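The values are calculated or read from the model by the stated rules, or taken from the named source; none is laboratory data. As the structure is a computational prediction, the values presented were derived from the model and not from experiment. Don't worry about glycine lacking a Cβ; one is built from the backbone with ideal geometry, like all the others, and counts go over all protein chains shown. Side chains included, ligands, DNA and RNA excluded: accessible areas come from the protein's heavy atoms. Shrake-Rupley method; radii C 1.70, N 1.55, O 1.52, S 1.80 Å.
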Amino acid sequence: MYNEKHLKNIDIAIDKAKTLYESCICCGHICGINRNENKIGRCKIFEDTYHIKVASHTLHFGEEPMLVGERGSGTVFFSSCNLNCVFCQNYQISNEGVGDAVNIETLSDYFLNLEREGALNINLVSATHVIYPVLKGLKIALEKGLNLPIVYNTNGYDTKELLDCLDGIVDIYLPDLKYVFDDKAFKYSRAENYFNVAINAIEIMKSQVGDLTVNDNGIAESGIIIRHLILPNNESDSYDILIELKERGFLKSTISLMSQYNPKFKALDFENINRKLYKKEYDDVVDYALDLGFENLLVQEMESSENYLPDFTKEKPFQM
């Protein structure tokens, strides 16, 4: 089912992605670098379009329950990032360059191996800035029979042009919605116009795949799950995020409210976010979401701030 759909659309997706790289407009920075000439944009990655840097490829059980089930989500973490979040829990790969350069044939093997190991899906984590070689590696895997839903796990800072490439390829979108106010987005993630870019992207994602659908076993088949990480002292302006989502018609959408914030990387240097989230702060946001009428909320235990911390210097980064 998935294989036929993806094969039908993959060549068009690759052609569109190559065009994006000629004057890069993959993310909200719109840096305009010609990445087909191996020039480095805001994502700070050097890439020859036939090689890609991968930090981890593993069965992951720390995603939302409908993505992992009992067998796990086949996650592939790509090195570098198009954002610069001071609190990034994956800073080893987003900022410190941990990962191995592989060619697209090896990347396709990762996808196929994860399927053989029982993965419920192929989960592309932070692929915005490397979308062209990712799609080429995916094509090779599809031609060899890969038949799993594709999850696009993103910080949300994606352009319409990039999402047009993914229409018919991505089955499940898993975007962040981090901030509603530009001053916070720039202060903590060095992202200009973040909310407008991200909310536009999320609306396009929903128009492509709809709200979440699951099979009889409760496993996701298609749709969108919107993640929001709650920061201490309401620095993520969570109440405003929820109001915006309600006003834009997302009350029936699946919203994952995340309590797992941990002041890692550079976060200790920022006074308002240099501690973990208090339970009351988290509970108040959840209660507010329920009061607004959100019908499909996913919540986390407070222990998640420790349980979901990865170490990408190890073969298995997530020890849960």
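Below are the figures for this structure:
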read-out: Pairs where the first residue, in the range 272-288, is over 13 Å from Asn262 (Cβ atoms) and the second is open to solvent by less than 20 Å² (accessible area, probe 1.4 Å) and in a helix (DSSP H, G or I), C-beta under 6 Å, 6+ apart; value: Val285/Ser238
read-out: Criterion (closer than 26 Å to Phe87 by Cβ and of a type in the set (Val, Ile, Thr)) met by exactly one of Ile219, Ile204, Ile199; value: Ile199
read-out: Some residue of the range 190-210 being hydroxyl-bearing (Ser, Thr, Tyr), out of contact with any Asp or Glu (no Cβ under 7 Å at 6 or more places or on another chain), surrounded by fewer than 20 Cβ atoms within 10 Å (Cβ to Cβ) and over 26 Å from Asn123 (Cβ atoms); value: no
read-out: Any hit, the range 164-173, residues being within 16 Å of the chain's Cα centre (by Cα), assigned to a loop (DSSP other than H, G, I, E, B) and within 16 Å of Leu112 (Cα to Cα); value: no
read-out: Contacts under 8 angstrom Cβ, first residue in the range 31-46 being more than 18 Å from Leu83 (Cα to Cα) and modelled with pLDDT of 70 or more, partner among the basic types (Lys, Arg) and part of a loop (DSSP other than H, G, I, E, B), 6 or more apart; value: none
read-out: Hits in the range 211-246 - residues which are of a type in the set (Ser, Thr, Tyr) and open to solvent by 20 Å² or more (accessible area, probe 1.4 Å); value: Thr213, Ser222, Tyr239
read-out: Count - residues of the range 212-226 that are touching a residue at least 60 places away in the same chain (Cβ under 8 Å) and not in a loop (DSSP other than H, G, I, E, B); value: 5
read-out: Meets criteria (part of a loop (DSSP other than H, G, I, E, B) and either more than 17 Å from the chain's Cα centre (by Cα) or within 25 Å of Ala289 (Cα to Cα) (or both)) for Glu192; value: yes
read-out: Residues that are outside any loop (DSSP other than H, G, I, E, B) and free of Cβ contacts under 8 Å to residues at least 40 places away in the same chain, drawn from the range 227-249; value: Glu247
read-out: Spans of helices (runs of 4 or more DSSP H) in the range 43-156 with at least 1 residues within 23 Å of Lys178 (Cβ to Cβ) and open to solvent by 40 Å² or more (accessible area, probe 1.4 Å); value: 65-68, 91-94
read-out: In the range 250-268, residue surrounded by the most Cβ atoms within 10 Å (Cβ to Cβ) [restricted to those that are assigned to a loop (DSSP other than H, G, I, E, B), over 16 Å from the mean Cα position of the chain (by Cα) and of a type outside the set (Ser, Thr, Tyr)]; value: Phe250
read-out: Close pairs from the range 1-22: first farther than 16 Å from Gly137 by Cα, partner of a type in the set (Phe, Trp, Tyr) and open to solvent by less than 100 Å² (accessible area, probe 1.4 Å), Cβ under 6 Å, at least 6 apart; value: Tyr21/Tyr132
read-out: Lone qualifier among Ser236, Ser256 - being among the polar types (S, T, N, Q) and either touching a helix residue (DSSP H, G or I) at 6+ places or on another chain (Cβ under 8 Å) or more than 30 Å from Asn147 (Cβ to Cβ) (or both); value: Ser236
read-out: Which numbered condition Asn274 fails, given (1) loosely packed, with under 15 Cβ neighbours inside 10 Å; (2) modelled with pLDDT under 95; value: (2)
read-out: Subset tally (residues that are of a type in the set (S, T, N, Q) and closer than 15 Å to Cys85 by Cβ) for the range 227-262; value: 3
